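The values are calculated or read from the model by the stated rules, or taken from the named source; none is laboratory data. All of these numbers come straight from a predicted model, not from anything done at the bench. A quick note on method: Cβ atoms are made from the backbone with ideal geometry, for glycine too, and the neighbour counts reach across all protein chains shown.
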Amino acid sequence: MELVISITVFVLAAFVGFEVITKVPPTLHTPLMSGSNAISGVTIIGALIVAGKADSTLGDVLAFLAVTMAMINVIGGFMVTDRMLEMFKKKER
Amino acid sequence: MSQEISALIYLVAAALFIYGLKRLSSPRTARSGNQLAAAGMAIAIVVTLINSGISAWTIIAGIIVGSGIGAYLARSVEMTGMPELVAAFNGFGGGASVMVASAEFFQNPDPAVQTVVTIALSVVIGAITFSGSFMAWGKLNGKLPGQPFGYPAQKLIDPLIIAVIVVLSVLLVLDTGGSLVLWILLGLGLVLGVTRVIPIGGADMPVVISLLNAFSGVAASMAGFVINENALIISGALVGASGLILTNIMVKAMNRSLAHVLFAAFGGADSTGDGGTTSDKPVKSASAEDVAITMGYAQSVIVVPGYGLAVAQAQHVLRELADLLEAKGVDVRYAIHPVAGRMPGHMNVLLAEADVSYDKLFALEDINGDFPRTDVALIVGANDVVNPAAREDETSPIYGMPILDVDFATTSVVIKRSLSPGFAGIDNPLFYNENNLMLFGDAKSAIQELIAAVKEM
């Protein structure tokens, strides 16, 4: 049953994603990519969980790599998206 | 903290991601949307740290190292280098999913069948994303050749790898103890990412990056299935949907199918068309002074930027030229083809960096009807997206691709280094049109000459 619930959540979330993202204008497609990239860095949650229960050297190494890569995604993704969006301005004349 | 409470807080984070993406529907609200999504992520991370403890050195070291690298990359990247950076971030996302799934595999002594299935999926998809993204990264920053690259037996190798992956995944599910099988799966995923991306040319990168973006999302979702965490499943699905939508837009803008981009090296030996037959016709080469006069006395100018603008870093001088023309009363707008540049929205970011107001940037379908009423179409570093052969010549390999109808403007001006054809090796009949002027030169220096000439008018 757990799996079925997970699949349900996945399918519904995909539909929400389609609805929300089709409304993003082409001019913002690059920030959309980098921003959604940062969101896929949510793997950090999984990385922290496996790091917390690692009990072998191999487990530690894998967990360290997972946390590092996910953190690059999260911090880098949100920061660079913010940098880009700050530049999108409408000039009055 | 009880599991129920942390699950509810994760739900808040996921809701913030969705709301943040929703605010990306307008440049006005986009920045706050991204900040809300970041806040959601911060909440989720803090809750997880409280729950699983921060005693492990791996957590502290990983957070410090990862944040440092991420912040450095985000701050130091040039706007022209954005495609490489996004490719690299896609790769790290895929890599993280691989690591989470394999760590779970080694720590869970007796995983359920469904867990093993999702571990296999997560490892394979994540590995393809990782190596494929870094191949794309190398092609985009020129460390690897950007040309389409074919090799013997290419059409046989990939199906073979996929077949082996399927067989090994079944083995992994049947006999859950096989860590060697997992390593081989990981390795094959990495190989497949390389063999899949290496044959694809630079100009197809918008499709590849979008697709890898979708893959990184799906990999995150699969990792969510592995550790049974809805926050990952939801966020991964959102990103997967986003990447698929962008992939679809890019593929449509090239009038090609996804399969064609992935499996046919465009412009390779098999590309046909009438290249060469028109090369003997005369072209009108103009001086910067001629072009400056044409534009200075125009009422309306539409600028069509392409990848050459990014290569020459000419966005700032272009804005300066537009300012001068506007001061003379010329209406200047920008027409942006969906596949101009190396990733979706690449040109828009460059022009935003150069302080061009976003309400002057128009998508293909919004501005194409205006070319017949436009005095000058100025094409900077673009080629195939303005090739009339796509509209008229049924034998052309790009026939049917939607293009910007610059040849309908009273005068078209092409800034280009030489008459050499674009990525697809297709001659551009636009260059030989009666009403077309060629301004030969590097985009940046040509525009600087134009600025000087307009100032002297």
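With B:Asn368, B:Asn348 as the choices, which residue is of a type outside the set (Gly, Ala, Ser) and in contact with a helix residue (DSSP H, G or I) (Cβ under 8 Å, 6 or more places away or on another chain)? Walk me through how you get there before you give the answer.
Numbers: B:Asn368 fails: in contact with a helix residue (DSSP H, G or I) (Cβ under 8 Å, 6 or more places away or on another chain).
Matching residue, one of B:Asn368, B:Asn348: B:Asn348.
Quick check on my filter: what residues within the range B:76-94 are more than 7 Å from chain A (Cβ to nearest Cβ) and part of a helix (DSSP H, G or I)?
Step one: filter the range B:76-94 for residues more than 7 Å from chain A (Cβ to nearest Cβ), giving B:76, B:78-81, B:83-84, B:87-88, B:91, B:94.
B:Ser76, B:Met79, B:Thr80, B:Gly81, B:Pro83, B:Glu84, B:Ala87, B:Ala88, B:Gly91, B:Gly94 - these are the residues of the range B:76-94 that are more than 7 Å from chain A (Cβ to nearest Cβ) and part of a helix (DSSP H, G or I).
Considering the range B:34-54, and only residues there that are more than 8 Å from chain A (Cβ to nearest Cβ) and of a type in the set (Gly, Ala, Ser), the residue that is nearest to A:Glu86 (Cα to Cα) turns out to be B:Ala39.
State whether one or more residues within the range B:4-27 are touching a Lys or Arg at 6+ places or on another chain (Cβ under 8 Å), more than 7 Å from chain A (Cβ to nearest Cβ) and among the small types (Gly, Ala, Ser). Checked the range B:4-27: no residue is touching a Lys or Arg at 6+ places or on another chain (Cβ under 8 Å), more than 7 Å from chain A (Cβ to nearest Cβ) and among the small types (Gly, Ala, Ser).
Please work out if B:Val65 is surrounded by fewer than 21 Cβ atoms within 10 Å (Cβ to Cβ), in contact with a Phe, Trp or Tyr (Cβ under 9 Å, 6 or more places away or on another chain), part of a helix (DSSP H, G or I) and without any contact (Cβ under 8 Å) to a residue 12 or more places away in the chain. It would help to see each step written out before you state the result.
Numbers: surrounded by fewer than 21 Cβ atoms within 10 Å (Cβ to Cβ): yes; in contact with a Phe, Trp or Tyr (Cβ under 9 Å, 6 or more places away or on another chain): yes; part of a helix (DSSP H, G or I): yes; without any contact (Cβ under 8 Å) to a residue 12 or more places away in the chain: yes.
Answer is yes for this residue.
Can we say A:Met1 is facing chain B (nearest Cβ under 7 Å) and not acidic (Asp, Glu)? No: the conditions fail for A:Met1.
For the range B:214-236, which positions are touching an Asp or Glu at 6+ places or on another chain (Cβ under 7 Å) and within 7 Å of chain A (Cβ to nearest Cβ)? Don't jump to the end; show me each part of the working.
Start the filter on the range B:214-236 by keeping residues that are touching an Asp or Glu at 6+ places or on another chain (Cβ under 7 Å), which leaves B:226-228.
If the condition is that a residue be touching an Asp or Glu at 6+ places or on another chain (Cβ under 7 Å) and within 7 Å of chain A (Cβ to nearest Cβ), then B:Ile227, B:Asn228 are the ones that fit.
Summed over the range B:295-332, the residues that are aromatic (Phe, Trp, Tyr) and in a helix (DSSP H, G or I) give a count of 1. Just so you know, in the range B:65-84 the residues that are hydrophobic (A, V, I, L, M, F, W, C) and modelled with pLDDT under 95 include one that is farthest from A:Val50 (Cα to Cα), and it is B:Met79. Evaluating B:Ile249 against the criteria (1) surrounded by 20 or more Cβ atoms within 10 Å (Cβ to Cβ); (2) within 14 Å of chain A (Cβ to nearest Cβ) leaves one unmet condition, (1). Hey, does the range B:97-113 have a residue that's hydroxyl-bearing (Ser, Thr, Tyr), facing chain A (nearest Cβ under 9 Å), buried (at least 24 other Cβ atoms within 10 Å of the Cβ) and over 28 Å from B:Leu350 (Cβ atoms)? Looking for residues that are hydroxyl-bearing (Ser, Thr, Tyr), facing chain A (nearest Cβ under 9 Å), buried (at least 24 other Cβ atoms within 10 Å of the Cβ) and over 28 Å from B:Leu350 (Cβ atoms), one finds at least one in the range B:97-113, hence yes.
Residues in the range A:55-93 that are in a loop (DSSP other than H, G, I, E, B) and either surrounded by fewer than 22 Cβ atoms within 10 Å (Cβ to Cβ) or more than 7 Å from chain B (Cβ to nearest Cβ) (or both): A:Asp55, A:Ser56, A:Lys89, A:Lys90, A:Lys91, A:Glu92, A:Arg93. Could you tell me whether the range A:41-48 includes any residue that is at the interface with another protein chain (Cβ under 7 Å from one of its Cβ atoms), part of a loop (DSSP other than H, G, I, E, B) and on the phi < 0 side of the Ramachandran plot? For the range A:41-48, residues at the interface with another protein chain (Cβ under 7 Å from one of its Cβ atoms), part of a loop (DSSP other than H, G, I, E, B) and on the phi < 0 side of the Ramachandran plot: present.
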